[in-house]
Amino acid sequence: MSNQKYDGNRKSNNKIPILFKSIFIGTIIFAIVYFAYYEISNFGFSHMQGHNMMNNRTVVVPKEEPTKTGSVLNENTLTVLTDKLSLERGNEIFNTNCAACHRVDAGGLIGPNLTDDYWINGGGMKNIVRVIANGVPEKGMLSWKAQLSPKQIQETASYIISLHGTNPANPKAPQGEKYTGN
C-alpha cells in the first residue's frame, strides 16, 4: 500500500469492497440483458407498445354464451328476462357502463331515475332497449349497440325493469311522463 499526501491529507490505496464491485458488475450484466430483451429481441414490449396497450382499453363486459336468436334483437318480440343469470349479467353490465350516470341503485345522477314510474323516452322493454341501443345524443347518453351484443342489451334492459319500484337513497325527482303500460 502506498500512502500519498496532498494538502496535508493522507490518501490510502485501499481495495474497493467486494459488495461494491458486485453491484457494479451486476448493473452492467443487467443492462446488457435488459437491452437484449427489449431492444434486440421481440419478446419484451417497447415503450410505444405499452403506451398503445394502455390507451386502447375498451369497455369491459362479462363473457356470455352466444345468442340463440341471432345477432339482431327484434323489438317487437322482446321479452323481459327473469332468470337469475340474465339479471346478474345485466347488473354487471349496468354497474360497469351505466352507474356513472344513473348510480348503482339506479336512483339517477346525471341520467334520470330508473326506479320510478316516470320515463323520458317511454318505459317498457321495447323503449328501454331502443334507448340503450341507440342512446339519446341530445341528453348525452351514448349508443351502446357497438359495445354490447343484443343479448347483453336485453339483459341490461331486463335488469333495469327489475329495479322498478325499488327505493334508492336520495332518488332524483321524476322526469318525463308517467308510464303505465306493460
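Where a number appears in this text, it was derived from the coordinates with a stated rule and is not lab data. Note that the structure is a prediction, hence the values are computed from the model and not measured. Note that each Cβ is placed from the backbone with ideal geometry, even for glycine, and that neighbours are counted across all protein chains shown.
Pairs of lysines in the chain whose Cα atoms sit within less than 20 Å of one another amount to 15, provided the residues are eight or more positions apart or on different chains. Suppose the Debye formula is applied to equal point scatterers at every Cα of the chain; what is log10 I(q)/I(0) at q = 0.19 Å⁻¹? Debye curve over Cα of the chain, log10 I(q)/I(0) at q = 0.19 Å⁻¹: -1.27. Dipole size of the chain about its Cα centre, with +1 on Lys/Arg Cβ and -1 on Asp/Glu Cβ: approximately 1060 debye, rounded to the nearest 20. Label-to-label distance for S22 and E39 is 2.8 nm, based on points extended 7 Å past Cα in the beta-carbon direction. Sorting H51, H102 on the 10 Å Cβ count, fewest up front, what's the list? The order, fewest Cβ neighbours first, is H51, H102.
The label point for N170 and the one for I120, both projected 7 Å from the Cα toward the Cβ, are 2.0 nm apart.
With the helix formula -39500 (n - 2.57) applied to DSSP H stretches of n ≥ 4, the chain reaches a computed 222 nm mean residue ellipticity of -11000 deg cm²/dmol. Remark: the range 166-175, residue by residue, has Karplus-estimated 3J(HN,Hα) of 6, 10, x, 6, 6, x, 6, 4, x, 10 Hz, where x stands for each Gly or Pro and the curve is 6.51 cos²θ - 1.76 cosθ + 1.60 at θ = phi - 60°. In this simple spin-label approximation, N13 and I32 carry label points 7 Å from Cα along the Cα→Cβ vector, and these lie 2.8 nm apart.
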